[in-house]
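Let me begin by presenting the structure, written as structure tokens, before commenting on it.
The values are calculated or read from the model by the stated rules, or taken from the named source; none is laboratory data. These numbers were taken from a predicted model, which means no experiment stands behind them. For neighbour counting, all protein chains shown are included, and Cβ atoms are generated from backbone atoms with ideal geometry for every residue, glycine included.
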Amino acid sequence: MVHPAKGIFISCDIPMAQFIINYNNSLPQSQKFILHILDDSHLFVSSNVDGMIRSAIQEFRDKITYEKPT
């Protein structure tokens, strides 16, 4: 049986896909957003979480970015 779902197709490199999958796994079951993992670098997620994923990625990048002191 086919179950249609509205969502967003994400194409990214493997480390970013792993980050998104780990972020999804850290959430409670009611907030999980990955509908299907297509392969190592392609995900299908709920359509209402694009902002949440973008902010989580930006937060992660801010944590790992080094700025040389002046």
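The table below gives the values:
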{"item": "Tabulated pairs, the stretch 34-49, first more than 19 Å from D13 (Cβ to Cβ), second part of a loop (DSSP other than H, G, I, E, B), C-beta under 6 angstrom, 6+ apart or interchain", "result": "L35/A5; S46/F33; S47/K6; V49/F33"}
{"item": "Single condition L27 does not satisfy, out of (1) over 12 Å from the mean Cα position of the chain (by Cα); (2) surrounded by 10 or more Cβ atoms within 10 Å (Cβ to Cβ)", "result": "(1)"}
{"item": "Pick from the stretch 47-70, criterion at pLDDT below 95 and of a type in the set (S, T, Y), ranking: farthest from the chain's Cα centre (by Cα)", "result": "T70"}
{"item": "So F19, is it within 13 Å of the chain's Cα centre (by Cα), assigned to a helix (DSSP H, G or I), at pLDDT below 95 and not basic (K, R)", "result": "no"}
